[in-house]
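Inspection log for the structure reproduced underneath, given as C-alpha cells.
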Amino acid sequence: MDSSGNLIPRWRRVLLRLRESVLTSGDVNEKRIRRRKRLVDIITRRLTLVKTALFISGYLWFLLIPSPHLGRGTYIDENALQPGQVNTDWNWGDVHVADNYLARLEQIRDGNFTSEQRAQWLSEEFGKLGIASSTQRYSFSTSTAVCTEDSVSSTFSRVDPTFQHLNGSNAYAVLASPRHSGTEAMVISASWVSRIGEEDGTLNMRGVSTILALAGFLKRYSYWGKDIIFVVSDGYLEGMQAWLGAYHGVSQSGLSREPLKLTSGVIWTALNIDYPGHSFSHLGVFFEGLNGRMPNQDLINSFDRIARYTAGVPVTLYEHLDPREEPAANKSPSWLPQALYNISEVKSYLYQAKNVVRHMKYQANGRGSGVHGLFHQFRIDAITLFALPATGPHGFHAIGRTIESTLRTMNNLLERLHASFFFYIMTGPQRFLKIGFYLPSAILISMGMMFHGLSAWVDAGWVQENIDYEASEPKKPTTYSQKQTWKRRRRPVISVLCIMIATHLLGIILFSLVSSTLFMENYKVLSPIVFTAFASVPLLALQISPISNPDIAPIFLVLKVLNLCFASTVISIITLLNFSLAASLTVLVGMPLVFSSPSVSLHWRLMKFAGCVNLGLGWLLFCQGEMVQAVWNWEVLTVWFAPFICIVYLPLLLQASVTCLLPP
Amino acid sequence: MASKSTRTTFSNFQASFLALTAVRLWISLTDLSITLKHDHQLSSPLTSFSQLQEGIYLFKHDIDPYSGGSFRHSPILLSFFATILPNSRKLASVLWTLIDAAGAWSLVQIWRSRQNVISSPWDILIASLYLLNPYIFLPSLALSTSSFENTLMLLSIMLASQGRASASLLALSLLLHLSLSSIVMLLPILLLLINDPHSHLASPKPMANSLRKMVPLFGEFTVYTGILTILSTIVAGSWAWIPQTWGATLTLPDLTPNTGLWWYFFTEMFDHFRPFFLMVFSVHLLIYVVPTCIKFQHDPLYATFIMLGILGTFKPYTTLSDPGLFLSMIAIFPETYPYLRHPIVTALLHLHSALLMPLFHHLWLTQGTGNANFFYATTLVFACSNGAALVDSIWAGLRIAIGPPVDNYTVVQE
C-alpha cells in the first residue's frame, strides 16, 4: 500500500482528492444528505456551547459599553447648522435686564401669587416688549391626583403619593419671524419648577428671567427665519404637557385645558432652560425623551460646540463632572483602591459607566430626563440646558450668549434635523457609541434565548424508548440502542397558548386595577393583598396532574419553549425603541426564563416559583414610590412603561413561574 | 340518535359563530376604526375607505371621480355605496363585520365540502381562525375594501367546491373588478370547477377530466366580466375608470407605502427603467399560475390555496388581509401538518414581522427617528415569513404523497 501510494506524486494526490470532492462520483443526493447531516450534527453537538457563548458574549458586551476604547468623538453632521459661526450681541446691558426681571420674580414668589396671577404677569411682561402673548389654564385629574381647587404654590412633595397641585397656568408668547411666513418655529421654554425642584421645591427663577430678557433681546434682530415661541410652563412636567397637547390638538383623557389663542408653525427644535442656582460652573445637557426617544445628536453637538467655544462654558453630561478635568470630582469610589483608580483607563471607564448608567435609568422607565422629553412625543428635537449650581464663574452673560448662538444655529436649518444619529449612547459630552456598538449586546442574548427555546422545542418533539432493547440485549452498547428508539411525540401547543393568553389577560386586569383611583388612594394597604392574589394564581398549576401518555410532550417543556421564544422576540424588538429597557429585560428576564424548569422536590419548585413571582410582582411591595410614579407618568404623560410592565413583562415571568410549578 | 347529535353540534356551531360575530361587531363599533383608518398597513390607496368616501362625494356632486388621481375603487363599489348604502361609519362597521362573517362562513363551507361532511367539530375553530386572525380583523376594523375582496374570493372558492359554476364565476368576475391581480385565480378556480374539492394530495394522479370542459366555463366568465365592464362604464359615464382602477394595478401611480414589495422598489427606480420593471413585476405574478396548476392538478383546491399565498406575497397594493387569507386557509388542510418542515420558524418569523412592521412604521412616520428603509426592511421580513409559509406548504403538499417518514430514509428534492 505504502509503496504504491508513494508512486503517485504528492501534487497529483492532492489534485485527485480535490477532483473527488468537486466532481461527484456516486449518488449526488446521498452525498448531499450526508453533508447536511454532518453539518446538523456539528451544530447540535455544540449547541450548549453556542448558547453559552451567546449569553456570555452578550453580557460581557454590556460591560464593554462604557469602555474608553469603544465609541468615537462627536461631530456635526448637518452642514447647514454652522454652530458658533456668528458674533453674539448679548451683552452686560441685557444681563442687567435679566437681573431686573429676577428681582421682580422674587417679589412675585414672596408675594405668594397664584399660578394664574403669575402667568398673567408673565404674559403682560411679554406684551410690554411688544410680543403677542397669552396664558393657558389647565387641570389634570388622574387616579393619583384629583384636583378641584386652585393651587397656590407649585411645589409638590414626592413622598406623598397624591401629587396635589395639578392645575396651573402657562404663559407663552410668539415672536413672529420678520423674514418668513411663520410655517416653522422654535421654542425656548422654562418650567416654573426646576428639575432639582422635584425633590426640594427649588424654582427655576433664573431660567424664567433668562427667557424674559431674551424675548426683549431677540426681538431687536431681524434675521429670524422661524417664529420663536417663549413658553413659561407651570409645575415641572405637567404644564408643558398641557401646552404641547393644546398646540398639537391632541386630546388626552383626564386633562381639561384652554385652547391656545396664539399658534405658530411646525416646531422643529426646542431648548429648555433650567437655571436654578445663583451662578453656575458647567452647562449640563439632558436629552432623553419620553418612551425612550432621543433627539438628533446634531442638536447636542451644536450646543456643545457653542457653549465651549462661543461662551467658554464647559459642558457636561447631566451634572456629572469629568474627573479627568475637574479636580473636585477626582475622587476614587470607596470600594476601589486609589492606585487602581489612578490608572487613566479605569478612571475613564468609571466616568463613562456613570454616564451610561444614568442614561439607562432615564431611558428605561420611559420618563425621559426632563421637560424637553415632552417635546419628543411630537417629533420635536429638544434638550435641556441645566446650569449646574455653583459659586461661579458663569451667570446670565454666558447662558444668554449660548442660547443666542444656539438659536442662530437652529435658525439656519432648512429641514428637520435628520443627518446625524438618532440611536446612540453618549458616554461623555464629546463621545458616543453608534448603534452598531451597543445593539449587539442585547441581540446576542435574545439570540441565545431563541436558540435555547428552539432546542427545547426539538426536545419536546421526541421521546426515547429504550427500555425493551436494554432489557433484552444488555451486552449491546446502550448508546446505539437508544439512537434506534427515538420516537416522535405530539406537542400540546394549543393548551400552552391558552395558558400564555391567560397570563396576559391577568396582566391587563392587574394594570386596570393598579391604575384605578381606589387602588392609588390606598396603595399601601392594597399592594400586599394584590401581590398575594396575583402571586397565588400560578399555584393553580400544581393542580395539573402529570401526563402519563408518552406520546404527548409535557406541558412545562412546550410552555418554556413558547415563553422563551416570545421573550426573545420582545427583547429584540424593544431594542430599537428603547435600548435601555431591552437591556434591563435581558438581565431581569434572560436568566430566570432559561433556568425555569420543574424540579422533583416540591420545596425546590416553590423556591423557583417564588423567585420568578418576586421578579415579576416585587414592585408592588418594594418599589411603591416607583409604581405610583409610573402610573402618574402613564396618566399624565402617556408613558407606556407601566402598561408594558403589567401586560408584557409580568406575564413572561408568570409563565416562567408556571413552568417551575408544572409536573415534570 | 346519530342525527340528533349532528344537529346539536350544528346548532352549537351556529351559536358560537354568532357569538364570535357579536364580539367582532362590538369591537368594530368602538372608535378603533377612526385611529386605524389611515394606517398604511391596513388599507392601500386601492382599498382605503376615506378615498372611497371621497369618490362617493364627488360622484354625488356630479363630478367624475375618476378624473382626479385619488379615487381608484371599482365603479361597482361606487354604485353599491352611493345607492344602496348610506354613507355612515357605524353602518359601514356593521357591514364590514357581516362581510367578514360571510367570509368565515364560506371558509367553513369549503372545509366541509373538502371533508365531504355536513358538519364537524372543527368548524368553529376554522371560523374563529378566520374571524380572529389579526391580519384579517385589523383591515376590517380599518374599513379597508380588501375585506370585500377576501370574502368574494372565499365565496367563489366555496361555490366552485360545491359545483355551482355560474355563481362561482360571477363572484370571481366581481372580484376581478375589485382587484385586477386576482385574474391569476381564474385557472385554479376553473380546474376546481371541473374536479372535486376533496383531498387527493396523498395519491397524486394525472387529471382525468378533459381540459376542454373549461372552455365553456371560461366563456361564461368572459361574458360576466364583459357585462360588468359595460355596467361599470355606464355607472362611471366613460371609460376613464379603467386606467384609474385596473391601470393602477399595472402602472403603480400611487407609491403610498404598504406591506407589499412594490412601492419601495418603484420609489427608488429611475424613470426610464420603470416600464420594464413594471412589466417584470406584473408578469412575475403570472408565471406561477401554470406550474402550480400542473403540479397540483390532482388537488385544485390546494393549487388555489398556493396561488392565494403567492398573491398575498407578491401582488401590488397589498394590505395585511391578503397574506391573512392565505394563513387562515392553512386551517383547512390539516393532512399536511405532519409534513411541514419548519412550522415554528415560520410562526416566529411571522411574530417578528407582525411586531416589527407597526414599530418601524411608527419610528419612521410618527417618531421621526427612523426612515423609509426601516419600514421597507420589515416588509422584506414579512415577505420572507410569507415565503417561508408558502414554501413549506408546497413542500408539505407534495411530500405527503410519499408517505410517513421511515427511519434511515430521507426525502430530498431533485
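Of the candidates A:G453, A:G461, the single residue that is at pLDDT 75 or above, among the small types (G, A, S) and buried (at least 19 other Cβ atoms within 10 Å of the Cβ) is A:G453. For the stretch B:283-302, filtering for residues that are assigned to a helix (DSSP H, G or I) and either touching a residue at least 60 places away in the same chain (Cβ under 8 Å) or buried (at least 18 other Cβ atoms within 10 Å of the Cβ) (or both) leaves 10. Tell me which residues, restricted to the stretch A:372-425, are in contact with a helix residue (DSSP H, G or I) (Cβ under 7 Å, 6 or more places away or on another chain) and of a type in the set (S, T, N, Q). Passing the criteria: A:Q377, A:T384, A:T402, A:S405, A:T406, A:T409, A:S420.
Of the residues in the stretch A:274-290, at least one is buried (at least 24 other Cβ atoms within 10 Å of the Cβ) and among the charged types (D, E, K, R).
Looking across the stretch B:402-414 at every residue that is open to solvent by 40 Å² or more (accessible area, probe 1.4 Å) and more than 12 Å from chain A (Cβ to nearest Cβ), the one that is farthest from the chain's Cα centre (by Cα) is identified as B:V406.
The set of residues in the stretch A:317-353 being under 26 Å from A:L637 (Cβ atoms) and either in contact with a strand residue (DSSP E or B) (Cβ under 7 Å, 6 or more places away or on another chain) or at pLDDT below 85 (or both) consists of A:L317, A:Y318, A:E319.
Return yes when B:L355 is surrounded by 15 or more Cβ atoms within 10 Å (Cβ to Cβ), over 19 Å from the mean Cα position of the chain (by Cα) and within 10 Å of chain A (Cβ to nearest Cβ) and no when it is not. Spelling it out, B:L355 is indeed surrounded by 15 or more Cβ atoms within 10 Å (Cβ to Cβ), over 19 Å from the mean Cα position of the chain (by Cα) and within 10 Å of chain A (Cβ to nearest Cβ). The one condition from (1) more than 30 Å from A:A353 (Cβ to Cβ); (2) in contact with a strand residue (DSSP E or B) (Cβ under 9 Å, 6 or more places away or on another chain); (3) touching a residue at least 60 places away in the same chain (Cβ under 8 Å) that A:S67 does not meet is (1).
Please verify whether B:S88 is open to solvent by 50 Å² or more (accessible area, probe 1.4 Å), of a type outside the set (F, W, Y), under 30 Å from B:L365 (Cα atoms) and at pLDDT below 90, treating the condition exactly as stated. No: the conditions fail for B:S88. A count restricted to the stretch B:230-251 and to residues that are buried (at least 19 other Cβ atoms within 10 Å of the Cβ) and more than 14 Å from B:T47 (Cα to Cα) stands at 3. Mind listing whichever residues of the stretch A:172-201 are over 17 Å from A:Y236 (Cα atoms) and open to solvent by 30 Å² or more (accessible area, probe 1.4 Å)? Across the stretch A:172-201, the qualifying residues are A:A176, A:P178, A:R179, A:H180, A:S181, A:T183, A:E184.
Just so you know, in the stretch B:51-77 the residues that are open to solvent by less than 10 Å² (accessible area, probe 1.4 Å) and not in a helix (DSSP H, G or I) include one that is farthest from B:I230 (Cα to Cα), and it is B:F71. Test A:S369 against the criterion of being small (G, A, S), assigned by TED's automatic domain parsing to the domain that holds A:D298 and not in a loop (DSSP other than H, G, I, E, B), and give yes or no. No.
In summary, B:V391 fulfils each of the numbered conditions (1) within 14 Å of another protein chain (Cβ to nearest Cβ); (2) free of Cβ contacts under 8 Å to residues at least 24 places away in the same chain with the single exception of condition (1).
Suppose we filter B:L143, B:L201 for residues that are outside any helix (DSSP H, G or I), modelled with pLDDT under 95 and within 30 Å of B:D39 (Cβ to Cβ); which single one remains? That would be B:L143, the only listed residue that is outside any helix (DSSP H, G or I), modelled with pLDDT under 95 and within 30 Å of B:D39 (Cβ to Cβ). In the set A:G507, A:G590, only one residue is away from every other protein chain (no Cβ under 14 Å), modelled with pLDDT of 90 or more, under 30 Å from A:H376 (Cβ atoms) and surrounded by 20 or more Cβ atoms within 10 Å (Cβ to Cβ); that residue is A:G507.
Close Cβ contacts (under 8 Å, 6 or more residues apart or on different chains) running from residues in the stretch A:625-636 that are in contact (Cβ under 8 Å) with a residue 40 or more places away in the chain to residues that are of a type in the set (D, E, K, R) and in a helix (DSSP H, G or I) comprise A:V636/A:E238. Taking the criterion of being open to solvent by 10 Å² or more (accessible area, probe 1.4 Å), closer than 28 Å to B:L201 by Cβ and in a helix (DSSP H, G or I), the residues of the stretch B:115-140 that qualify are B:Q115, B:I124, B:L125, B:S128, B:L129, B:Y135.
Scanning the stretch B:358-388 for residues that are of a type in the set (S, T, N, Q), more than 12 Å from chain A (Cβ to nearest Cβ) and within 30 Å of A:W268 (Cβ to Cβ) returns B:N373, B:T379.
Being without any contact (Cβ under 8 Å) to a residue 12 or more places away in the chain and open to solvent by 40 Å² or more (accessible area, probe 1.4 Å) holds for only one residue in A:N365, A:N342, and it is A:N342. Filtering the stretch A:414-444 to residues that are open to solvent by less than 50 Å² (accessible area, probe 1.4 Å), closer than 23 Å to A:T569 by Cα and in a strand (DSSP E or B) leaves A:Y424, A:I425.
The values are calculated or read from the model by the stated rules, or taken from the named source; none is laboratory data. Because the structure is a prediction, the values reported are computed rather than measured. Every residue, glycine among them, receives a Cβ derived from its backbone with ideal geometry; neighbour counts consider all protein chains shown. All accessible areas refer to the heavy atoms of the entire protein, side chains included, with ligands and DNA or RNA removed. Shrake-Rupley method; radii C 1.70, N 1.55, O 1.52, S 1.80 Å.
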